[in-house]
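Take a look at the structure below.
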Amino acid sequence: MAPTIDDYDLGHTLGEGSFGSVILCTHRASGKKYAVKVIEVVHAQRHNGIAQVIQEKKVLIMLDHPSIIKLHSTFKDADSLYIVLEYCSGGELFGHIKRLGSCHISCARWLTAELVNVLEYIHGRRVLHRDLKPENILLDDLGHVKLVDFGSSKRLDVEDDVPKFVGTAQYVSPEVLNDADASEASDLWALACIVFQMLSGEPPFAAPVEYAIFKKIEERDFAFPSDGFPPRARELVDAMLQLEPDARLGAPACGGYAALKAHPFFTDDVEAPIDFASVHLSPPPPLVPPPPMPEIAGDAVLNGQLAEHELSAADRANLIERQAGTRWAQPLDDGEVRSSRLERTNAVAPDFPHSHRHQIPTSHGPHPHAYRCSSWRRSRSSGATCR
Ligand code: ATP
């Protein structure tokens with residue numbers, strides 16, 4: 001018999017998408033849990049979203065990687081389309097960054113390595129994700145990465161009729177903003193934004209309105225947190241956030257994945273250099289915030305008030321650690337640790353769930369603040385925002 005939604009016990013909502021919800025379901029016969037994406041046909045049709053659903057299905061069938069969510073089955077009824085996915089219980093990376101304030105360098109490095117592996121895999125299969133963001137990066141029960149949401153993806157090996165201007169404002173690359181085709185380098189731009197966000201708590205290009213975000217992206221107007229950012233991570237982000245796609249570390253024209261994996265961000269930690277071949281097999285480091293920055297007399301050295309040789313051995317060690325960028329977070333009064341670097345902006349549309357923050361619509365997208373690339377250019381010349 002053909003599968004139906006009645007084969008499942010419906011649990012709670014795991015997340016919201018443009019055309020419906022993702023619901024935790026238990027398959028009655030097997031007792032197995034799945035995440036079922038329920039797409040309302042009428043709603044999806046109204047916004048030409050069916051093509052996106054079909055694209056997600058086609059691409060997920062093609063892909064088989066430990067860091068990509070597995071497609072179990074699909075079916076439909078009169079009202080809805082159903083995509084049954086492997087259930088990922090560890091939540092969105094977005095929620096973890098919010099909870100922690102920022103991530104310890106060891107987990108940021110590990111998750112970045114898993115993301116590099118999965119991007120290398122999909123790009124090797126001529127697929128671009130085009131909507132990489134912390135909301136679309138789930139963690140499994142062990143803390144490994146599972147990439148979701150291939151609805152905006154594009155295959156480079158076939159002539160598919162997918163829209164050009166897709167993504168989410170904070171992570172979109174300058175070339176996509178300027179109407180050029182996305183490439184592997186566009187996903188690498190988004191990855192660099194995510195590395196920055198894991199270590200600072202905020203994406204590099206943040207502003208209350210999309211127009212301002214886009215302007216910042218085009219001008220490469222971002223700043224590393226003034227109270228510290230691990231130097232190797234800084235070099236990595238700097239090398240990847242290049243306006244020119246071919247100049248981005250990891251892009252085919254810039255050494256490809258071999259060059260990216262050889263960056264000191266991954267290799268410099270003598271105790272635990274990243275082994276890309278085994279990251280998905282070994283237990284990831286615990287997902288914790290960076291340790292609080294200790295009050296040290298080293299500050300006085302940095303301020304020029306004390307000579308380094310006047311420090312105690314412990315303070316000198318703390319100073320070295322701080323200069324190496326392995327301790328940089330500020331403790332809060334209540335003992336919680338958060339990043340204090342960038343201004344937190346009220347970037348979330350109040351009537352929209354966070355997974356839609358500034359999501360750039362596809363040509364058919366349903367976002368209430370939707371506008372396309374052409375309107376971005378028009379508004380830029382008129383100086384108005386795109387609302
Ligand atoms: P969008 O409109 O952003 O394209 P979408 O309809 O394609 O959304 P997804 O982004 O795939 O939906 O999923 C929405 C949210 O549901 C995710 O951000 C995540 O929180 C949750 N989710 C999706 N798939 C799973 C899964 N396999 N396991 C657990 N949660 C999931």
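Okay, here's what the table says:
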| read-out | value |
| --- | --- |
| Residue check for Ala185: touching a helix residue (DSSP H, G or I) at 6+ places or on another chain (Cβ under 9 Å), within 16 Å of the ligand (Cβ to nearest atom), part of a helix (DSSP H, G or I) and assigned by TED's automatic domain parsing to the domain that holds Ala239 | no |
| Residues that are more than 11 Å from the ligand (Cβ to nearest atom), of a type in the set (Val, Ile, Thr) and free of Cβ contacts under 8 Å to residues at least 40 places away in the same chain, drawn from the range 1-59 | Thr26, Val42, Ile50, Ile54 |
| Flag for Pro225 being in contact with a Leu (Cβ under 9 Å, 6 or more places away or on another chain), part of a loop (DSSP other than H, G, I, E, B) and at negative phi | yes |
| Subset of the range 203-221 (residues that are aromatic (Phe, Trp, Tyr) and either at pLDDT below 95 or over 18 Å from the mean Cα position of the chain (by Cα) (or both)) | Tyr211 |
| Subset of the range 24-50 [closer than 21 Å to Ala78 by Cα, out of contact with any helix residue (DSSP H, G or I) (no Cβ under 9 Å at 6 or more places or on another chain) and small (Gly, Ala, Ser)] | Ala35 |
| Test: Val53 is buried (at least 18 other Cβ atoms within 10 Å of the Cβ), modelled with pLDDT of 95 or more and either out of contact with any Lys or Arg (no Cβ under 6 Å at 6 or more places or on another chain) or outside the structural domain of Val145 (by TED's automatic domain parsing) (or both) | no |
| Any chance Leu191 is surrounded by 23 or more Cβ atoms within 10 Å (Cβ to Cβ) and under 23 Å from Pro285 (Cβ atoms) | yes |
| Matching residues in the range 74-91 - criterion: being more than 28 Å from Glu159 (Cβ to Cβ), more than 9 Å from the ligand (Cβ to nearest atom) and part of a strand (DSSP E or B) | Phe75, Ser80, Tyr82, Val84 |
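The values are calculated or read from the model by the stated rules, or taken from the named source; none is laboratory data. In this text the structure is predicted, and so the values were computed from the model without any measurement. So basically every Cβ, Gly included, is an ideal-geometry build from the backbone, and we count neighbours across all protein chains shown.
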